[in-house]
Structures are given as structure tokens and as C-alpha cells.
Amino acid sequence: MECGVLFSLILLAGGESEAEIKAAFLFQFANYVEWPADTLGGPAEPFRVAVVGAPGFADVLEKTLAGRQAAGRGFSVVRAEKADDALRCHIVYAPGGEALRRPGLLAVGDGERFAAGGGTVGFQVENRRVRLVLNPAAADQAGLKLSAKLLQVGRVVREP
Amino acid sequence: MRDRSIRWQLKAILMAVSASALVAAMGAMVAYDVRDFRKEAAQRLDTLARMVGSQCTAALAFKDPKTGAEILRALENDPSVAEARVETKNGQLFAFYVRKGRDFESEVRLEVTAPVVEAGEHLGTISLKSELLELDALLRRDVTVAGIVLFFALFAAFLLSARLERVITGPVLHLADTVRAVSERGDYSIRARGASGNETGLLIDGFNAMLAQIQERDAALLRARDELELRVQERTVAIRESETRYRHLFESSPDAILIETEGVVSLANPAAASLFGAETPELLLGGALRARVPAERRDALGVRMLGEATFEDTWSRLDGGTVDVEVTVIHLPHRVAQVVIRDITRRKEAERIKNEFISTVSHELRTPLTSIRGSLGLLAAGKLGALPPAARPFVEIASNDCLRLVRLINDLLDIQKIEAGRMDFQMKTQDLVGLVNQAVEANRSYGRQFGVRFVVREVPPTALVRGDGDRLIQVLSNLLSNAAKFSPRGEAVDVSVDHEDGRYLVSVRDRGPGIPAEFRDRIFQKFAQADSSDTRQKGGTGLGLNICKAILEKHEGSISFEAAPGGGTLFRFSLPELAEQPALSSV
């Protein structure tokens with residue numbers, strides 16, 4: 001038998017939309033990214049996930065995160081018009097805009113360009129699959145630690 | 001050649017027991033080993049699954065199967081894992097790993113499944129499969145070790161069993177050898193050795209005891225056989241002697257002896273040959289004796305009856321002559337008869353001469369006696385002048401003795417006639433009562449001589465018989481005179497006539513001394529006298545009763561006597577009653 005490794009290509013052929021996948025990924029970041037302790041607040045404080053613009057996506061995200069927990073904390077979705085409105089959040093997803101550089105803030109955007117342009121994580125759609133593009137230097141600047149497992153899964157870019 | 005089967009059987013049993021115990025122990029050991037190995041392998045595989053699973057969390061979380069597959073590729077370092085499989089929590093296949101060169105023919109022996117969890121988040125499951133190839137190696141190793149152990153253990157058992165079985169089979173084989181020796185040589189003096197107190201010892205003791213018994217019986221049997229042989233020899237000699245003795249008796253017997261079997265002469269002695277005028281006894285064999293016997297005698301020879309018969313006869317000889325014989329036929333069982341024939345020709349001749357002599361003498365005596373009697377009668381009657389008183393008793397004595405002499409001669413003549421068959425009987429109807437009275441009257445004077453009375457008692461009115469009156473009176477007179485002679489003086493002689501079963505019985509009873517026992521058997525024979533001296537005193541010929549018997553037999557009558565109750569003798573004769581009642585004829 002010549003094929004040592006087999007992996008499934010039918011994974012994304014399921015019923016999940018791109019938005020739903022991205023929402024699920026946003027939830028998963030809570031498990032693979034380490035925030036500075038002071039940014040998280042008390043143990044009852046939820047993870048605040050901000051969606052800049054794209055109110056449709058915010059609806060999908062709210063549905064995905066409803067009732068879920070990571071590391072003992074719940075989630076709250078913050079709908080922001082501009083990136084600045086989301087300064088006090090832990091994760092910011094800005095599909096269209098520039099990356100927001102702030103300590104304790106995980107900046108997530110669309111495309112490789114977003115990560116390369118100073119964002120931490122970019123959602124790159126290839127062959128109808130959503131891939132992660134990671135910028136460890138940006139994470140460092142924001143005081144975040146990306147887990148080794150996360151780095152294994154995503155493609156790493158260096159800031160120009 | 002000794003049959004060692006019991007030795008090998010025992011050895012085989014010992015080996016089999018050892019082998020089965022060892023195999024059981026080894027089997028248990030291997031099974032335990034395998035179970036241990038499986039348990040350990042399962043734990044190890046479970047740990048490995050959880051470890052690999054934890055590395056797959058990110059790949060699952062971010063739906064990156066390629067990375068998942070790369071993580072699974074790390075399993076290449078563990079050749080015990082045949083397949084790995086990661087599924088999402090929805091059960092969809094996420095990543096898959098198959099060991100290079102995996103042989104799908106070999107059976108999957110172990111499969112573990114573990115959840116893939118990251119920070120409490122259930123992401124999917126991972127399962128690992130293993131063929132436990134090491135198990136085969138382990139089994140091979142265990143079996144090899146067990147085989148080697150078994151081999152050495154059995155070898156040791158074999159060496160040990162050789163010593164052990166000798167304890168058991170030694171005595172048994174010795175016993176078997178003894179049995180063989182005894183049965184081959186027939187020597188019962190051999191004994192088996194050894195008595196260890198166990199069952200084998202018991203067997204040996206029992207066998208020895210049995211041998212001792214057999215030996216004893218053998219000896220007894222031999223003794224008995226020798227004794228028997230000796231006895232048979234003695235018997236044979238005795239039988240031969242006895243046979244010779246009897247043969248000599250048979251051969252030298254003066255009487256002819258013939259044995260008839262089924263009516264045919266089967267044996268004859270030399271005397272028989274000379275009797276019949278044959279040259280050898282063999283000439284008489286095969287013939288029937290009956291042919292020589294007159295028809296009226298054949299019943300006596302007839303083989304159909306058992307018993308003995310004797311008769312006299314005149315038989316013809318082979319040379320045509322005749323011979324007077326006395327024949328005794330003894331009938332034996334199985335239609336065999338012994339015939340003894342005595343030649344009585346000379347005896348017959350002697351009798352004839354004697355009879356003729358008596359007859360002549362009697363006749364010659366009678367004539368002078370008649371004249372003497374007549375003369376004496378005249379003298380006694382005084383016809384020749386009165387006799388002097390002194391002569392009277394002498395004349396009376398002479399007269400009585402003359403009468404006695406006449407009677408004696410008459411008796412002799414009667415006997416002569418009877419034997420010659422020349423006595424004539426005038427058979428007529430007679431009244432026995434009348435005859436009795438006549439006889440009593442006729443003998444009254446004779447009775448007076450002895451001082452005896454005759455008393456007639458219990459007489460029926462008439463008793464008709466057929467017979468010769470004179471001869472019957474002769475019989476009665478004889479009985480009366482006998483009774484008178486033997487009665488004491490002054491006694492009575494009783495006479496009675498009875499009727500019984502169609503016969504008339506006449507009884508004469510005296511009160512004499514009775515008849516001596518030794519005389520009773522021959523009282524009716526000729527010249528029979530109880531005591532010569534005594535009889536001579538009484539006077540008598542000894543012929544009277546013989547004549548009575550002969551006369552009565554001619555009348556189909558019989559005579560007997562018995563001791564009378566109260567002393568004396570009772571003579572009784574019987575005559576058949578006359579059936580019809582014809583007119584009474586005078587005597």
C-alpha cells in the first residue's frame with residue numbers, strides 16, 4: 001500500500017456555510033490563544049467578541065456562541081460600526097477593515113493580506129476551505145500567545 | 001521370550017500422567033502470559049490514542065485534515081499500530097492512517113477508541129487498531145520454552161518411572177514367570193517369592209496357597225488311582241476265579257442244565273448233551289425245548305411266567321429213545337429260563353420193581369391171613385368148643401393182630417393202586433352226615449379199646465356231596481382211629497360237619513398231645529411217623545394220612561390240620577357241595 005496518509009476531502013462538502021465555519025473558528029480561538037491575565041478580568045467575565053460592520057455575520061456568530069463556554073467563560077458578541085468601538089474586546093473580527101493593533105486584542109480579518117498587514121489571524125478561503133494565516137509577530141506585539149497546536153494548523157507569515 | 005507389556009503399560013501411564021500435568025501447567029502459564037500481554041498492550045494503545053488525540057485537537061477544531069493526517073503519520077514510529085482513524089464529533093471521517101506494508105489478511109486483535117477533547121470541548125474520536133504481532137512472537141517463544149521444558153521433564157519422568165515401575169512390576173513379572181514355569185513343567189512344588197503386604201503380595205500368597213492345594217489334591221488323586229487299579233485287579237482275579245468255579249460247576253454237574261432265552265436254548269452243559277444223546281452240548285443250542293414237552297406241560301416251560309415249576313416226564317432223545325426226567329424250570333427276568341433236567345430212569349425202574357414186589361407180597365400175604373382170620377374167628381366164637389379161660393386172651397390178641405395185619409396190607413395195596421393210578425372210584429351222590437355216623441358206629445368198638453368216646457356235634461340235617469362212599473368212610477375211619485389212638489383214656493373225640501362257601505367241612509378233634517413241630521411238614525407223606533418208637537406202640541403203617549390225602553384229592557377235596565384251642569389236634573377235610581339235589585341214592 002503506497003499511500004501512507006489519507007485525509008478526507010469531503011470535510012467541507014457538508015451543510016456548513018462559510019460564515020458558520022468562521023464563527024466556529026472564532027469560538028475555537030478562545031482555546032488556543034492565551035491572553036494576558038489582566039485583560040480577561042474576573043472569572044465570571046465573558047469573552048467579548050466584536051464584529052466590525054457585517055451585522056449578518058454578527059447574527060450567525062451570536063447563534064454559534066449561544067450558551068457555549070471556553071475555559072469556564074461565556075461569550076458576548078459586540079456589534080461595532082468602527083474598529084475603535086471594539087477597543088475593550090478580546091477578539092475583533094473586521095472583515096473589511098484594517099487590523100487593529102492593541103495589547104490584549106486578537107485581530108482577526110479576511111485574507112492573507114490582513115495578517116501580512118499587521119493582523120494576527122487571517123481567514124483565507126482556498127478550494128472552498130477556510131485556512132488560517134497566522135502572524136506570530138503581531139500576536140507578540142499584542143501580548144498574546146498562540147499555542148503550538150494553532151501554529152501547526154495555520155500558515156505563518158512574517159511581517160514585511 | 002518374556003512379555004513385557006505390563007512394564008510398558010505402566011511406563012506409558014506414568015509418562016502420560018506427567019505429560020498431561022505438564023501440558024496443563026504450561027497451557028495455564030501461556031494463557032496467563034497472553035492475557036497479561038493483551039492487558040498491557042491495551043493500556044499502551046489507549047495511552048497512545050489519547051496522546052495522538054490530544055495533538056489532533058487543533059486540526060479538528062480548525063477543520064484541517066491535512067495537519068491531522070500529518071500528526072497521525074507520527075505513528076509510523078510504532079509498528080504495533082496497524083491503523084488509526086480520527087472522526088469528527090458528527091462521526092465523519094477526518095483523518096486516516098494505515099501502516100506501510102500492512103497485511104490486511106492478518107486479523108486485528110486489539111482496537112481502542114478514545115475521545116479527542118481540548119479544554120473540555122469534545123471534538124471527535126480517535127481509534128487505533130493493532131494486530132498484536134508481538135503476541136505471535138510471544139506465543140512462539142512460550143511454546144518453544146514449553147516444548148523444551150516438556151522434553152526435559154518427560155525425560156526425567158522416564159528415568160524416574162523406570163525405577164518406580166520396577167517396584168510394581170517386579171513382583172508381578174516374577175509371579176507371571178512362576179505361573180509360566182508351573183504350567184509348562186506341571187511342577188506344583190514351585191512357589192512364587194515375595195510378600196510385600198500389598199495387593200501384589202496378597203496375589204502371590206493366594207497363588208502359593210492354590211499351588212499347595214493343587215499339589216495336595218494331585219497326590220491324593222494319584223493315590224486314589226493306584227488304589228482303584230489295585231482293587232480292579234483284585235476284582236478281576238476274583239471274578240475270573242468265580243467264573244472258573246461256576247463254569248466247573250456247570251460243566252461237571254451230573255444234572256443237565258439248559259438256559260433258554262426267549263424260548264430258544266442258548267446254553268447247555270455236557271450232562272445235557274449226554275442226556276439227550278447229543279455228541280456235544282452245542283448241538284442242543286438254537287432248538288426249542290418246548291417241542292420235547294407234551295402239550296399239557298408247556299405252561300410250565302412257558303417263558304411268560306416267572307417262578308419255578310417241577311414236574312416229571314418222559315422225553316425223547318435225539319437217537320429216538322426215551323428218558324424219564326425230572327424237570328425243574330426256574331424263570332428268570334428278561335424271558336430267560338434255567339431248566340435243570342435230572343435223569344430219573346433208574347429211580348423209576350427201582351420204584352416199579354418195588355411196587356411190583358409189594359403187590360406180589362401183599363397178595364401172597366392176604367390169602368394165608370384170610371384163613372388165619374377165619375380160624376381165629378371160629379375159635380373165638382367157641383364154635384369148636386369152649387376155650388379154656390387161659391387161652392382166651394391169647395386168641396383175642398391173635399385176632400386183633402391179624403386184623404391189624406390185614407389193615408396194613410390193605411393200606412399197602414391202596415398205596416400201590418393209587419401210585420399206579422389203578423384205584424377205582426364209584427362216584428355217586430352221598431350224604432356226608434350219614435357217612436359220618438356210619439364211620440363213628442364202625443369205629444366205636446375200636447375207640448373203646450383206647451377208652452375213647454366219639455361224639456358227633458353240630459351236624460346239618462343233610463350234607464350232599466358226590467363221591468365214593470366206601471373211600472370216604474375209609475378216610476373218616478382213618479381220622480377217627482388216629483384220634484382214638486392219640487387221645488388219653490376217658491376223653492372224647494368230637495366230630496362235626498359245617499357248611500362254608502359252597503363246601504362241607506368235616507372236623508375231627510382229639511385231645512392228644514398234639515403233633516410235634518418237626519413232623520408237621522411231612523405228616524401227609526408216605527410212611528410218615530412222628531416217632532418210630534411211639535408209633536410202634538400205637539400201631540400203624542404211616543400210610544393212612546397219605547391215602548386220605550390221595551382219596552380226597554380225587555374228590556376235589558383237601559385236608560389240613562391245626563392245633564386245637566385248649567389242646568389236642570383238629571383234622572379237617574372239605575368236599576365241594578353237590579350243586580343240584582338229585583334223589584338220594586342208597587350207599
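Rule-based calculations on the coordinates, nothing more; no lab input. The structure displayed is predicted, hence computed values, not measured ones. Note that we place each Cβ from the backbone using ideal geometry, even for glycine, and neighbour counts take in every protein chain shown.
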(message) List the lysines whose Cα sits under 25 Å from the Cα of B:Lys485, skipping any in the same chain fewer than 8 residues away.
(response) B:Lys526, B:Lys538, B:Lys549
(message) Quick check: pseudo-label points 7 Å beyond the Cα along Cα→Cβ at B:Arg235 and B:Leu221, how many nm apart are they?
(response) 2.1 nm
(message) What percentages make up the Cα-Cα pair-distance distribution of chain B when the bins are 20 Å wide from 0?
(response) 12, 20, 14, 9, 8, 8, 9, 10, 8, 2, 0
(request) Work out the P(r) tail for the protein assembly as shown: percent of alpha carbon pairs separated by more than 51 Å, whole number. (result) 65 percent
(request) Kindly put B:Ile515, B:Ile559, B:Ile13 in sequence by how many other C-beta atoms sit within 10 Å of each C-beta, fewest to most. (result) B:Ile13, B:Ile515, B:Ile559
(request) On a 0 to 90° scale, report how tilted helix A:55-65 is relative to the longest principal axis of chain A, with both axes built from alpha carbons and the result rounded to the nearest 10. (result) 80 degrees
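Taking the Cα centre of region B:359-420 as origin, work out the dipole magnitude from +1 charges on Lys and Arg Cβ and -1 charges on Asp and Glu Cβ, in debye rounded to 20.
Here the size comes out at about 260 debye.
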(request) Could you tell me which trypsin sites (Lys or Arg not before Pro) in region A:71-140 are loop residues by DSSP with no more than 14 other beta carbons within 10 angstrom of their beta carbon? (result) A:Lys82, A:Arg88, A:Arg101, A:Arg128
(request) Determine which lysines satisfy two conditions relative to B:Lys129: a Cα distance under 27 Å, and not lying fewer than 8 residues away in the same chain. (result) A:Lys149, B:Lys39, B:Lys63, B:Lys66, B:Lys89, B:Lys100
(request) For chain A, find the longest principal axis of its Cα atoms and tell me its angle to the long axis of helix A:18-32, 0 to 90°, nearest 10. (result) 70 degrees
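Using only alpha-carbon positions, what ratio does the radius of gyration of region B:119-186 give when scaled by 2.2 N^0.38 Å? Please report the intermediate quantities before stating the final value.
Numbers: Rg = 30.3 Å, N = 68, 2.2 N^0.38 = 10.9 Å.
Output field value: 2.77.
So which trypsin sites (Lys or Arg not before Pro) in region B:433-505 are both in a DSSP loop and have at most 10 other Cβ atoms within 10 Å of their Cβ?
B:Arg489
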(message) Using the Cα centre of the protein assembly as shown as origin and beta-carbon charges of +1 (Lys, Arg) and -1 (Asp, Glu), tell me which of B:Phe571, B:Thr345, B:Thr200 is placed farthest towards the positive end of the dipole.
(response) B:Phe571
(request) May I ask you to list, by number, the DSSP H helices of chain B whose Cα span along the axis is at least 20 Å and whose average Kyte-Doolittle hydropathy reaches -1.0 or more? (result) B:5-55, B:133-185, B:199-252, B:345-381, B:392-420, B:432-449, B:469-486
(message) Quick check for me: using +1 on Lys/Arg Cβ and -1 on Asp/Glu Cβ, what's the dipole size of region B:64-216 about its Cα centre, in debye to the nearest 20?
(response) 480 debye
(message) Please compute the average number of Cβ atoms from other chains found within 10 Å of each residue's Cβ in peptide B:86-98.
(response) 3
(request) DSSP loop (so not H, G, I, E, B), at most 11 other Cβ within 10 Å: list which GluC sites (Glu not before Pro) in region A:62-160 pass both filters. (result) A:Glu81
(request) Run the dipole for the protein assembly as shown about the Cα centre, Lys and Arg Cβ at +1, Asp and Glu Cβ at -1, nothing else charged, and hand back the magnitude in debye, nearest 20. (result) 980 debye
